[in-house]
Structures are given as C-alpha cells and as structure tokens.
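Student: There's a structure below that I have some questions on.
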Amino acid sequence: MPTTLDTAELRRLDRDHCWHPLFQHSQLDGDTELTVFDRGEGCTLYDSEGGAYLDAGGGLWNVNVGYGRQEIAQAAFEQMQRLPYYPHSQINEPATRLSAKLAELLPADASHGDLSRVFFSNSGSEANETAFKIARQCQRQRHPGQNRYKIIARYQGYHGFTMGALSATGQVGRRTPYEPLVPGFLHVDPPYCYRCPLKLSYPDCGIACVDEFDEMIRREGPETVAAIVVEPVIGGGGVILPPDEYMPRLREICDRHEVLLIVDEVITGWGRTGKLFACEHWDVVADMVVTAKGITSGYLPMGATIVTDKVFDAFSGSPGDGSELAQVCTYGGHPPCCAAALANIDILMRERLWENAADVGAYLLHGLRGLNSPLIGEIRGIGLMLGVELVDDTGALLDGVRTAKVKAGVKSAGVLVGQMSHAVIGPNSVLCLSPPLILTRAEADQIVDALGTALADQS
C-alpha cells in the first residue's frame, strides 16, 4: 500500500506521537530527520522521497529471505480468512505443522536427544524468557531438594528486553537504567579474541574464557545453577565469533555439572551464518534452542523455544500436581504467524539460502578485508553476519562522532548498516552487517564500495 500522507505530515505526526528505540529524540530539534520507508523489494528499501538503499542490516538482523515475498503475505492472508486466532491451548494446523517442521530441521544426537518440543511466543525476548523459566522449573523437578535457579550468560551478549532476558543480557548500557534486575543471573567474559578481556592470545590461551563457566559453576555450587545461555556468535554485542573449540567444550562443561545449555539462535538461526543453525558449525546439540527473527524473516512476529524430549519429560506428572509448565502466551502459536513462518521456511529451504550466505558472505568478507583504511581495526564474521570494528590511531574504539559520520557516509552512498549500541562503556564503534541471505556478489561489491568511500572521507 503506498503512503497516503505526504512525507512532511508523516514526520510531523511521528515527531509528536512516536517513541523510537535507542534514539535521543532531542536530535530532531536540529537537522536530524528519520527516513520514511515506503516499500521493499529483494535487498532494497525505497523511501517516500524516491531514495533507494541496499539494506545491509537486513532490517534488524531478520529479513533473511528479502523483501517483497508474496508467498509469505499470501499464506498469512489466507490463514486470516480461515482462522485468524484461537489460543494455543487447543490445536491449530499451522502451529502443529510448524512444530513438526522445527523438530525435523533442528539437530539431534544420541546423548542429548531430539529438539522436538516447541513452545511459541512473539519474539526472541519472550522465547528466552520462556527458556529461563523452563530451565528453573525443569531443574527443580529433576533435582528435588536442590534450588538450581542461576543462569550464567556472557558480557556483551544480548538476550532480550524483558526483565529476565535483560538480566541475562551482558550489555551495560541496556542494563544500568533498569537495575536492580532479576536475581540469579551471572556473567563471564566473551570470547572476544581481538580485545581479549583476559589479556591472553589465541591459541596459547587454551580458550580460558570458556573455562570461566566451569569455574563459576564450581564457585557457586552446581546444585544452584540451572543453565548456561549463549549466542553461538554474539550479534549486537559486536559480532564476536568464538574459536572452534569453544562450543564443544561448553557442551562438555554443561554435561559435567548437569547444567542445561540454552543456545540463543535468534540472530544466527535460519541460514545467517552459512548453516541452517549456527550450532551446526561445531556439531553441538543444545538442551534448548531459542529462535525468532529469521523464522518469519520479519514478516510477522514469532518466537519459539524448542527443547529436547529429555527436558520436556521433566514436566510429566499427574493433573493437579503442578508439574506442567505454568505459562501461557496469548499470541503464542498464532495461526497466521505460523502460516507465515511455514511459507518463509519453505522459501529458505527451496532456495538453500544458507549456501548463498556462506558463498556471498565469504566473498563480502574478502572484499571488506581488502579495504585499506587506518580506521579499520578488525573485520570479522561468518556467513552474512559480519562486523567492522572501527578504531582511532591508538587502536582504541573510534569515538562516537566519527563513527556516526562513517555510518552516515555509508547511507549517503545508498547502503544501510547496523551498529553496536549500548553494549560497552565508551564508544560502540562496531558496524554490523546482516543483509538478506539472497544478497548477490554485485550487491556485496556495493556494500564494500560504500564503506570504502565513507572511510576515505573520514581518514
């Protein structure tokens, strides 16, 4: 549907009534104007004034199959006509089919079992919140007499905006305004090799950062720890990719202490890293997988928490004994959202988009690493999940003003990129790239050219 109000009127109404995330609205008192986006097609967004932008951020890490996929819209429309809603306390066909599809696609192994039981929600935040509640209740029912309630996460990791998910999040700027947060959430260092918080160097470090989980469990007492939650690749905290030994060793630590492993695949899932799910890079099977974003490519809200049969079985009991999961989500398993997810997954599987993410992602990474600029500290990532860390002449993170100018220069060249935000104290100077998985090599070249021009203007 085309915009029915002119751009000036939209901006006026927006200024008077909308509250945008992560944005200081006093900037609108100066020359800053927010872009009015009107439509999207493929990897490209069009604004209300005729401008076109290659969306190298993929929305918010989530438009995996690209814009304008009519099959997804049609599937949701037809489901709305047939059955727009009924709570998932009963059965609807799209939710059941989607549950079965998730169980089919997620990895499994003999030791940990199939990830085959699905609880639906509306977002990654809610899906993580659900995972933490499942972990606490599961562990108390598995270990009577113990109080396994602590969740160990990582600094710079992001798990959501609800209070439990925020408590797991290790980004200081997002946490501080809302403290005190939920008790029982602990944090260890991330596998940030470029700026190792332990002042070590890989591989001589022996992956000491993952051993922090083991040390913390021992100090706190295994009988108090319910779960560990990690993003396979830290996303909004700076696109931090772990060494290959990291995830398998983390799985071993969890098994040793009977601690549940929750893998947050909200960003990394559905092909983003060059595998259908990022944990496949290391052949690691979690006790719980959390997904959202790419499950519908952003066409409708959807979150899901998928657990193994072993976790699900801990909730088995008799009616009235309180062993069932004590949670309901009004819109969880929403029929049109599930129909949209099924159509989205069908596109992704039919076109094998994780393979394009691996191929074009490697091409884009090579192109970016070919840029010659003193402002580039490190370029890292996997598949179509890349980070460009900007630095000053001392090697410190580039100040916020110059980073903003680089980002604006990229936009002036017709490309939109994301940026780390509120994740660390000081400048958040990592630009984040997560374009749709349909990205072509020609579009990858466009991203490289735009960034190269913007960096040259600020060098």
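Student: Among (1) exposed (fewer than 12 other Cβ atoms within 10 Å of the Cβ); (2) closer than 25 Å to residue 352 by Cα; (3) touching a His at 6+ places or on another chain (Cβ under 9 Å); (4) not small (Gly, Ala, Ser), which single condition is residue 22 missing?
Tutor: Looking at each condition in turn, residue 22 falls short on (2).
Student: Quick one: which residue in 18, 43 is at pLDDT 95 or above, in contact with a helix residue (DSSP H, G or I) (Cβ under 7 Å, 6 or more places away or on another chain) and either under 29 Å from residue 238 (Cβ atoms) or not assigned by TED's automatic domain parsing to the domain that holds residue 384 (or both)?
Tutor: 43
Student: Here is a follow-up. Would you tally the residues in segment 382-398 being over 22 Å from residue 63 (Cβ atoms) and either surrounded by 13 or more Cβ atoms within 10 Å (Cβ to Cβ) or touching a Pro at 6+ places or on another chain (Cβ under 9 Å) (or both)?
Tutor: Going residue by residue through segment 382-398, those that are over 22 Å from residue 63 (Cβ atoms) are 389-398.
Next cut, either surrounded by 13 or more Cβ atoms within 10 Å (Cβ to Cβ) or touching a Pro at 6+ places or on another chain (Cβ under 9 Å) (or both) only: 389-393, 396-398.
Looking only at that region, the number is 8.
Student: Still on this model: What number of residues within segment 345-382 satisfy the criterion of being of a type outside the set (Lys, Arg), without any contact (Cβ under 8 Å) to a residue 60 or more places away in the chain and in a loop (DSSP other than H, G, I, E, B)?
Tutor: Residues that pass the stated criteria total 1.
Student: When you look at residue 11, is it over 19 Å from residue 408 (Cβ atoms), surrounded by 14 or more Cβ atoms within 10 Å (Cβ to Cβ) and either modelled with pLDDT of 95 or more or not β-branched (Val, Ile, Thr) (or both), yes or no?
Tutor: no
Student: If you scan segment 233-261, which residues turn out to be under 20 Å from residue 303 (Cα atoms) and either of a type in the set (Val, Ile, Thr) or not assigned by TED's automatic domain parsing to the domain that holds residue 156 (or both)?
Tutor: 233, 234
Student: Also: Scan segment 182-204 residue by residue and report those that are surrounded by fewer than 16 Cβ atoms within 10 Å (Cβ to Cβ) and of a type in the set (A, V, I, L, M, F, W, C).
Tutor: The answer is 182, 198, 200.
Student: Under 8 Å between Cβ atoms, which residue pairs at least 6 apart in sequence (or on different chains) link something in segment 104-133 that is at positive phi with a partner that is assigned to a strand (DSSP E or B)?
Tutor: Every condition considered, the pairs that remain are 113/308.
Student: Of the conditions (1) free of Cβ contacts under 8 Å to residues at least 60 places away in the same chain; (2) part of a loop (DSSP other than H, G, I, E, B); (3) surrounded by fewer than 15 Cβ atoms within 10 Å (Cβ to Cβ); (4) within 27 Å of the chain's Cα centre (by Cα), residue 32 clears all except one; give me its number.
Tutor: Only one criterion in (1) free of Cβ contacts under 8 Å to residues at least 60 places away in the same chain; (2) part of a loop (DSSP other than H, G, I, E, B); (3) surrounded by fewer than 15 Cβ atoms within 10 Å (Cβ to Cβ); (4) within 27 Å of the chain's Cα centre (by Cα) is unmet by residue 32, namely (4).
Student: Can you tell me which condition residue 401 does not meet? The list is (1) free of Cβ contacts under 8 Å to residues at least 24 places away in the same chain; (2) of a type in the set (A, V, I, L, M); (3) buried (at least 22 other Cβ atoms within 10 Å of the Cβ), and all the others hold.
Tutor: Of (1) free of Cβ contacts under 8 Å to residues at least 24 places away in the same chain; (2) of a type in the set (A, V, I, L, M); (3) buried (at least 22 other Cβ atoms within 10 Å of the Cβ), only one is false for residue 401: (3).
Student: Any residue at all in segment 262-283 that is of a type in the set (A, V, I, L, M, F, W, C), touching a His at 6+ places or on another chain (Cβ under 9 Å), farther than 23 Å from residue 153 by Cα and not assigned by TED's automatic domain parsing to the domain that holds residue 386?
Tutor: The answer is no; no qualifying residue exists.
Student: Identify the single condition in (1) surrounded by fewer than 23 Cβ atoms within 10 Å (Cβ to Cβ); (2) over 26 Å from residue 21 (Cβ atoms) that residue 176 does not satisfy, given that it satisfies every other one.
Tutor: Here residue 176 clears every test but (2).
Student: Among the residues of segment 163-221, write down those that are among the small types (Gly, Ala, Ser) and touching a residue at least 24 places away in the same chain (Cβ under 8 Å). Give the steps one after another, and end with the answer.
Tutor: To start, the set of residues in segment 163-221 that are among the small types (Gly, Ala, Ser) comprises 164-165, 167-168, 170, 173, 184, 201, 206, 208, 221.
164, 165, 168, 170, 173, 184, listed by residue number.
The values are calculated or read from the model by the stated rules, or taken from the named source; none is laboratory data. Source: prediction; values computed, not measured. Cβ: placed from backbone, ideal geometry, glycine included. Neighbour counts: every protein chain shown.
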